[in-house]
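Before any comments, here is the structure.
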Amino acid sequence: QVQLVESGGGLVQPGGSLRLSCAASGSIGSFYAMGWYRQAPGKQRESVASITSGGSTNYVDSVKGRFTISRDNAKNTVYLQMNSLKSEDTAVYYCKVVRTGGPPLWGQGTQVTVST
């Protein structure tokens, strides 16, 4: 069973940066898309950024120009570079892989806290 493991979360001041990583424990095979979601306390989980197998990216409006999603196929890893962080970015961040030949994979989540 392939697992996704996120890392890179933590506490950062407003205006700071973090880089999240999501590594698969094995080959994920062919996939439609990889993405990052987040869930803040009391709110629904929302899609933050995604990247298709073809390399097309999509972002929620609130992070456009600040976050960048990328992937390294050789390492089975997807990244989320987060710059100019705001307090409203505070949430648990999850990665997801939508595979063509199986159920989607979710990571366990990593906490991002933006605060002074």
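The values are calculated or read from the model by the stated rules, or taken from the named source; none is laboratory data. Fair warning: this is a prediction, and the values are worked out from it, not measured in the lab. No Cβ is skipped: glycine too gets one built from the backbone with ideal geometry, and neighbour counts run over all protein chains shown. We work out accessible area using only protein heavy atoms, side chains counted, and drop any ligands, DNA or RNA first. Shrake-Rupley method; radii C 1.70, N 1.55, O 1.52, S 1.80 Å.
Points worth noting:
- Any hit, segment 3-16, residues being surrounded by 15 or more Cβ atoms within 10 Å (Cβ to Cβ), assigned to a loop (DSSP other than H, G, I, E, B) and touching a residue at least 40 places away in the same chain (Cβ under 8 Å): yes
- Across segment 41-65, the qualifying residues are those that are open to solvent by less than 50 Å² (accessible area, probe 1.4 Å) and outside any strand (DSSP E or B), and the one among them that is modelled with the lowest pLDDT is G55.
- Filter result (part of a strand (DSSP E or B), surrounded by fewer than 17 Cβ atoms within 10 Å (Cβ to Cβ) and touching a residue at least 12 places away in the same chain (Cβ under 8 Å)) within segment 72-89: Q81
- Filter result (assigned to a loop (DSSP other than H, G, I, E, B) and either more than 18 Å from C22 (Cα to Cα) or under 16 Å from the mean Cα position of the chain (by Cα) (or both)) within segment 90-110: T90, T100, G101, G102, P104, Q108, G109
- The residue of segment 25-40 that is farthest from S87 (Cα to Cα), among those that are of a type in the set (A, V, I, L, M) and open to solvent by less than 20 Å² (accessible area, probe 1.4 Å), is I28.
- Residue that is part of a strand (DSSP E or B), touching a residue at least 40 places away in the same chain (Cβ under 8 Å), polar (S, T, N, Q) and open to solvent by 40 Å² or more (accessible area, probe 1.4 Å), where the choices are T68, T113: T113
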